1. Would you mind classifying the range 101-236 by shape? Square roots of the alpha carbon gyration tensor eigenvalues, ordered a ≥ b ≥ c; an a/c under 1.5 is rounded, otherwise it is prolate if a/b is larger than b/c and oblate if not.
2. Rounded to two decimals, what is Rg over Rh for the range 2-217 when you use alpha-carbon atoms and the Kirkwood radius?
3. What shape does the range 71-163 have by the C-alpha gyration tensor, where a ≥ b ≥ c are the square roots of the eigenvalues, rounded means a/c under 1.5, and otherwise prolate means a/b greater than b/c and oblate the rest?
4. Ranked from highest to lowest mean number of other Cβ atoms within 10 Å per residue, what is the order of the peptides 217-226, 45-54?
5. Based on the mean of other beta carbon atoms within 10 Å per residue, what is the order of 56-64, 172-180, most packed first?
């Protein structure tokens, strides 16, 4: 199961109300235009996140919780994710993506795995900004989109109207990693409240985001990877 979680993480660098007279295509165009508008003003987002990983072969589901942030700097996006141990008191894993480099810090084992995106940085950021600050135009360029309509989800106990979009990558290689991705996006803020990643082997990652704060301050110290002389580093 640890390997499955790693596969999902590593694959990241590889992943309004409609008018009454609108057709489905016109409604999707309206949603994407809303995302374009919000994306232009997007600087950062921070949220609590709950993730579950389902492995079909073992029929096992693992759940973890933590916090995530996204921050746009210049023309690129950096992100950080902290997951907690089952008791929810201490950090279990710290993940950082910045300047095309993915670092995964396994806190209990005091080990950092380093992966460089290299020429795949653009693909990496496509996944990282999926439903968090990415424009509707960029979404349509990278994915075939099926709009499954509006659904109301809760964000910190408050109802939010989202659009359920099923995404299939236009890149055949990426379809070998994820057959489809489903996002429930709030186009007004350009953030996701839920994401489901499906793989060809029928494994599944589901992420639910709550208490989302857009363009507020982010405590980067909380998401920082802290190593000492005993920390081992694997990778370039």
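1. oblate
2. 0.95
3. Here the range 71-163 falls in the oblate category.
4. Ranked from most to least packed, the peptides come out as 45-54, 217-226.
5. Per-residue mean Cβ counts within 10 Å order the peptides as 172-180, 56-64.
Read-outs throughout are calculated quantities, based only on the coordinates presented, and are distinct from any laboratory measurement. Just so it is clear, the model here is predicted, and its values are computed rather than measured. Cβ atoms come from the backbone with ideal geometry, glycine included; neighbour counts cover every protein chain shown.
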